[in-house]
Amino acid sequence: MKAIILLGAPGAGKGTIAEGIKSATDYIHVSTGDMLRAAVKAGRPVGLEAKSFMEKGELVPDNVIMKIVTERLEEGKADARYMFDGFPRTTEQALMLDEVLDGHGGRVEHVFLLDVPRDVLVDRLSGRRVCKSCGAVYHIRNIPSKVAGVCDLCKGPLYQRSDDTEETVLNRLEVFKKQTQSLIDYYEKKNVLVRVDGSKKKEDTHAEIVSVLRTAFCSS
Ligand code: ADP
Ligand code: ZN
């Protein structure tokens, strides 16, 4: 069981990049944010535990996160490769992930840190719109849908995530800053951190990551 991690502030483009990597490789995409939103929508107990934290832009407690992540990993094959997006978010979660991977003879291969300036993050998040039916992501100015409020792909209605409002966005960025430096240090010490410029076109960021994955694959 091997893993790569997409690390970056809210709005850094983890979800978008993950979609691309998923189609180009055999990594299984695990987004704790998506899993939590699905659990909230389905009214599952973990969703109820997580909801109030998510609405304020606070982190959901580590034990709740580890429960959904380990459940998910147990469904998979022993030789699966995972791509985590939005996880780990605390050093505690990183330690627990290492333990789980270790138990399966696996490890974290690369951690891609998507670097994006703060003003770009705020603009991306506050203008983000998501399709209620298929999850496709738009931006009111940068990636507008052809018809305002309607998904190009499935004609579903577009909505703004309840945590993409300005006040919650600012809090999420604060929380990220407070929690992340220690994670960056943690992975830097393990020699797996790769910094990528996340402010460029998504094709460029994608190419940068895929080239690291291919090089690593050929030399392993
Ligand atoms: P973003 O990275 O843009 O904030 P996510 O969809 O990854 O969006 O996360 C949305 C919310 O879900 C977070 O603000 C947090 O409340 C919760 N969450 C997601 N992943 C984690 C995690 N690994 N640990 C704690 N909370 C999490
Ligand atoms: Zn759609």
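The values are calculated or read from the model by the stated rules, or taken from the named source; none is laboratory data. Nothing here was measured: the structure is a model prediction, and the numbers come from that model. Reconstructed Cβ throughout: ideal geometry from the backbone, glycine too, with neighbour counts over all protein chains shown.
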Do we find that residue 195 is surrounded by fewer than 18 Cβ atoms within 10 Å (Cβ to Cβ) and part of a strand (DSSP E or B) in this structure? yes
Regarding residue 154, is this residue away from ligand 1 (no atom under 16 Å from the Cβ), among the hydrophobic types (A, V, I, L, M, F, W, C) and within 22 Å of residue 72 (Cβ to Cβ)? no
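May I ask you to say which residue of 122, 194, 150 is of a type in the set (A, V, I, L, M), under 18 Å from the mean Cα position of the chain (by Cα) and modelled with pLDDT of 95 or more? Before the answer, list the steps.
On the way: 122 fails: modelled with pLDDT of 95 or more; 150 fails: under 18 Å from the mean Cα position of the chain (by Cα).
Answer to the selection: 194.
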Pick from region 124-167, criterion within 11 Å of ligand 2 (Cβ to nearest atom) and among the polar types (S, T, N, Q), ranking: nearest to residue 56 (Cα to Cα): 133
In the set 204, 163, which member is free of Cβ contacts under 8 Å to residues at least 60 places away in the same chain and of a type in the set (Asp, Glu)? 204
If I filter region 1-16 for residues that are more than 15 Å from the chain's Cα centre (by Cα) and surrounded by fewer than 16 Cβ atoms within 10 Å (Cβ to Cβ), do I get at least one hit? no
Considering only region 32-142, give the helices (runs of 4 or more DSSP H) lying wholly within it that have at least 1 residues that are within 25 Å of residue 185 (Cα to Cα). 32-41, 62-75, 91-103, 118-126
Please list, ordered by first then second residue, the pairs with beta carbon atoms under 8 Å, 6 or more apart or interchain, first in region 65-77 and more than 21 Å from residue 89 (Cα to Cα), second aliphatic (A, V, I, L, M) and not in a helix (DSSP H, G or I). 76/1; 76/28
Filtering region 161-185 down to residues that are in a loop (DSSP other than H, G, I, E, B) and either under 18 Å from the mean Cα position of the chain (by Cα) or over 28 Å from residue 118 (Cβ atoms) (or both), which residue is farthest from ligand 1 (Cβ to nearest atom)? 162
Looking for something within 22 Å of residue 181 (Cα to Cα) and surrounded by fewer than 18 Cβ atoms within 10 Å (Cβ to Cβ) - is there at least one such residue anywhere in region 22-39? no
Exactly one condition in (1) away from ligand 2 (no atom under 16 Å from the Cβ); (2) among the hydrophobic types (A, V, I, L, M, F, W, C); (3) exposed (fewer than 12 other Cβ atoms within 10 Å of the Cβ) is false for residue 184; which is it? (3)
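Residue-wise test of (1) more than 15 Å from the chain's Cα centre (by Cα); (2) assigned by TED's automatic domain parsing to the domain that holds residue 187; (3) acidic (Asp, Glu); (4) more than 16 Å from ligand 2 (Cβ to nearest atom).
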{"residue": "42", "(1), (2), (3), (4)": "yes, yes, no, yes"}
{"residue": "58", "(1), (2), (3), (4)": "yes, yes, yes, yes"}
{"residue": "70", "(1), (2), (3), (4)": "yes, yes, no, yes"}
{"residue": "73", "(1), (2), (3), (4)": "yes, yes, no, yes"}
{"residue": "85", "(1), (2), (3), (4)": "no, yes, yes, yes"}
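Within region 101-112, can one find any residue that is closer than 20 Å to residue 5 by Cα, of a type in the set (A, V, I, L, M) and either in contact with a Lys or Arg (Cβ under 7 Å, 6 or more places away or on another chain) or surrounded by fewer than 18 Cβ atoms within 10 Å (Cβ to Cβ) (or both)? Lay out the reasoning, then the answer.
Kept after step one, since they are closer than 20 Å to residue 5 by Cα, are these residues of region 101-112: 101-112.
In the following step, the residues that additionally are of a type in the set (A, V, I, L, M) were identified as 101, 108, 111.
Those still in the list that are either in contact with a Lys or Arg (Cβ under 7 Å, 6 or more places away or on another chain) or surrounded by fewer than 18 Cβ atoms within 10 Å (Cβ to Cβ) (or both) too: 101.
Yes, because at least one residue in region 101-112 is closer than 20 Å to residue 5 by Cα, of a type in the set (A, V, I, L, M) and either in contact with a Lys or Arg (Cβ under 7 Å, 6 or more places away or on another chain) or surrounded by fewer than 18 Cβ atoms within 10 Å (Cβ to Cβ) (or both).
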